[in-house]
Amino acid sequence: MFVVHSYPLAVVFCVLTMFCWGSWAVTRKLACPDWRFELFYWDYALGVLLLTLAFGLTLGSSGTEGRAFFADLAQASTASVIAALVGGAIFNLANILLVAAIEVAGMAVAFPVGIGLALIIGVIMNYLAAPIGNVALLSAGVSLVTLAIILDALAYRRLAVGSPHPGGAKSSTRGLLLSVACGVFMGIFYRFVAAAMYTDPTQPTAGKMGSYAAVFVFAVGILLSSFVWNVLAMKRPLVGNPVRFRDYFAGSLPTHMTGILGGLIWGTGMSLNLIAAGRAGFAISYGLGQGATMIAAIWGVFIWKEFRTAPAGTSTLLAAMFGSFVAGLALIVLARTM
């Protein structure tokens with residue numbers, strides 16, 4: 001299988017992960033306005049699965065190092081397969097909770113609480129399991145990225161002035177609880193996938209999987225768990241009316257393709273992240289990947305022009321946000337070299 005030996009290349013892969021994780025939701029905007037997220041999500045899950053399979057059949061089956069994709073799957077222990085499947089199910093729940101939190105409380109609550117908490121939990125868990133990198137630089141970098149997420153939320157809060165979410169205090173409390181739950185689950189899913197993998201991609205461990213097999217099993221976990229989490233979301237949505245399965249088949253081919261494209265983009269990011277983890281370490285790979293929130297903010301600021309009507313002073317917050325983000329990423333990257 002293809003193995004990354006160069007740390008700079010691993011960093012490039014992690015940066016690409018950021019762009020993929022921060023951009024996949026753009027495909028949601030390409031779908032029909034009345035196409036519900038619960039319906040979009042089935043195609044998204046399928047797209048992730050197809051992408052990880054394609055990676056396994058190509059990069060995962062080339063080269064002379066590690067174990068080839070199918071051989072890796074065939075020798076994987078039950079414990080490793082279950083760990084990757086559980087990682088997919090946990091991620092799926094976290095992703096659906098994040099969308100629900102945004103719908104109920106807005107991005108100003110969902111992102112700093114949900115993604116900020118996930119970043120902190122995920123980096124700590126993965127560093128304790130595999131302590132690679134300078135802990136002081138890594139901690140400082142994560143702190144700066146977390147600060148950037150908070151500044152991003154403050155900027156969105158200024159946009160929301162005068163447009164409060166319906167439900168008042170009750171809605172805010174529910175949105176906060178959803179965000180916390182999302183953050184906890186989003187912070188722990190990666191460790192389950194990492195636990196299914198051997199840490200040195202050039203020296204396969206019996207029963208463990210390489211990045212290509214692990215991310216494919218993870219994607220299977222996403223799709224299978226959708227029949228639990230997404231079905232629940234369809235039957236008992238937090239916002240809007242229940243959705244029926246037959247509504248899915250009413251969608252046009254272009255509409256379905258937007259969801260598949262979203263899954264292909266996110267799956268590319270996850271695959272590259274796990275490939276890079278063999279050289280960068282799981283904590284650094286995860287930490288860099290979760291900077292995706294700032295990529296989403298770039299889409300909002302420069303492409304969708306979401307802040308064009310923002311009150312005075314918002315541009316200062318946005319500048320501080322991007323400054324903290326870039327400084328934090330630099331420290332996370334340096335944590336592996338110093």
Taking the stated definitions as given, is Leu261 farther than 21 Å from Ala153 by Cα, at pLDDT 90 or above and assigned to a helix (DSSP H, G or I)?
-> yes
Residue that is most open to solvent (accessible area, probe 1.4 Å) [pool: residues in segment 312-338 that are modelled with pLDDT under 90 and not aliphatic (A, V, I, L, M)] = Thr337
Test Val193 against the criterion of being aliphatic (A, V, I, L, M) and open to solvent by 40 Å² or more (accessible area, probe 1.4 Å), and give yes or no.
-> no
Exclusive hit being part of a helix (DSSP H, G or I), among the aliphatic types (A, V, I, L, M), crowded, with 22+ Cβ neighbours inside 10 Å and in contact with a Cys (Cβ under 6 Å, 6 or more places away or on another chain), set Leu97, Leu138, Leu39, Leu51 = Leu97
Within segment 271-311, track down each residue that is over 28 Å from Ala136 (Cβ atoms), open to solvent by less than 10 Å² (accessible area, probe 1.4 Å) and in contact with a helix residue (DSSP H, G or I) (Cβ under 7 Å, 6 or more places away or on another chain).
-> Ser271
Those residues of segment 72-94 which are open to solvent by 30 Å² or more (accessible area, probe 1.4 Å) and within 30 Å of Val239 (Cβ to Cβ), in sequence order = Leu85, Val86, Leu93
Residue selected from segment 174-206 under the condition in a helix (DSSP H, G or I) and of a type in the set (Ser, Thr, Tyr), by the criterion nearest to Ile115 (Cα to Cα) = Ser179
Single unsatisfied condition, Gly66 versus (1) closer than 30 Å to Val99 by Cβ; (2) crowded, with 19+ Cβ neighbours inside 10 Å; (3) at pLDDT below 95 = (1)
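The values are calculated or read from the model by the stated rules, or taken from the named source; none is laboratory data. What you are looking at is a predicted structure, and each value in this text was computed from that prediction instead of being measured. Backbone-built Cβ (ideal geometry, glycine too); neighbour counts: all protein chains shown. Only protein heavy atoms, including side chains, enter the accessible area calculation; ligands, DNA and RNA are left aside. Shrake-Rupley method; radii C 1.70, N 1.55, O 1.52, S 1.80 Å.
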